[in-house]
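Data block below; observations after.
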Amino acid sequence: MMNVTETVKQLLIINVLFFIGTLAVGDPAYQMLAMYFPENQAFHGWQIISHMFMHGGFMHIFFNMFALYSFGSALEHFWGGKKFLFFYISCGLGAALLHTGINYYYFNDAVSILGENGFRKSEILQLLNEGKINTQWQAILTPSEYQNFISAFAGKVVGASGAIYGVVVAFAFMFPNAELALMFIPVPIKAKYFVPGLVLIDLYLGVSGQSIFGGSSGIAHFAHVGGALFGFLIMWYWKKNQFNDNRWN
């Protein structure tokens, strides 16, 4: 097994320190550092970066950090620290961009429907930022429109998962025939099959709004897809242009 590389080690330490700090501080840490919808008054610019180092629980950070160690160290070994860090942060930002874009669509689609029924956007935002709703909204919007509208505005995003998905895509791009042994699948699967399958599952769950275990999901599936998409686009661009690793030295 490859030893942990320096940049990956620093990212692991930062994530763990954020997690310990969150356990100590509690909800105020999430209020400041998780990423909120930009029209929510709880949103601050630094959340675009800080949310990548926040996690919702032990299993959340464990699986993300295990993936970072397992796949990230291999990439940093070939790329070097600067290039890996650029890629990691870029995928995290790409994940945030797609997730926020989808939320903007859901939110403004509902606002448009409510506007046709006499509700002004300024009044809607004022109520939502006060932590209130108008019960008439539920009579106008379909259940799915209403759920997407409220969750888009009030939901918060935490976790390195978007950046991690980009890292996993890059690993499959560089080592397509590497066999991945997973605890819940009895036979190894080549990366070139496993990773696209994983992204397609997330895309389906994001569109359907379901959890893999049934019921509604609080997982930011489109953030996962966004990280994977940006990871693929960056890898494609680098390969097409024969990007020279010496530029990062």
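Couple of notes before you dig in:
- When we screen Met52, Met59 for residues that are among the aliphatic types (A, V, I, L, M) and either closer than 21 Å to Tyr104 by Cβ or in contact with a helix residue (DSSP H, G or I) (Cβ under 8 Å, 6 or more places away or on another chain) (or both), the only hit is Met52.
- Ile61 vs. criteria aliphatic (A, V, I, L, M) and surrounded by fewer than 20 Cβ atoms within 10 Å (Cβ to Cβ): no
- Of the listed requirements (1) buried (at least 19 other Cβ atoms within 10 Å of the Cβ); (2) at pLDDT below 95, Leu141 misses just one: (2).
Okay, residues lined up against (1) without any contact (Cβ under 8 Å) to a residue 40 or more places away in the chain; (2) surrounded by fewer than 21 Cβ atoms within 10 Å (Cβ to Cβ):
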| position | (1), (2) |
| --- | --- |
| Tyr88 | no, no |
| Ile102 | no, yes |
| Phe107 | no, no |
| Arg120 | yes, yes |
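- As a summary of the residue check, His77 satisfies the conditions (1) open to solvent by 50 Å² or more (accessible area, probe 1.4 Å); (2) without any contact (Cβ under 8 Å) to a residue 60 or more places away in the chain except for the one numbered (2).
- Looking across region 195-219 at every residue that is assigned to a loop (DSSP other than H, G, I, E, B) and surrounded by 15 or more Cβ atoms within 10 Å (Cβ to Cβ), the one that is modelled with the highest pLDDT is identified as Ile219.
The values are calculated or read from the model by the stated rules, or taken from the named source; none is laboratory data. The structure presented is a predicted model; accordingly, all values stated were derived computationally and were not measured. Cβ coordinates were reconstructed from backbone atoms using ideal geometry, including for glycine residues, and neighbour counts include every protein chain displayed. Each accessible area value is taken on the protein alone, full model and side chains, heavy atoms only, with ligands, DNA and RNA left out. Shrake-Rupley method; radii C 1.70, N 1.55, O 1.52, S 1.80 Å.
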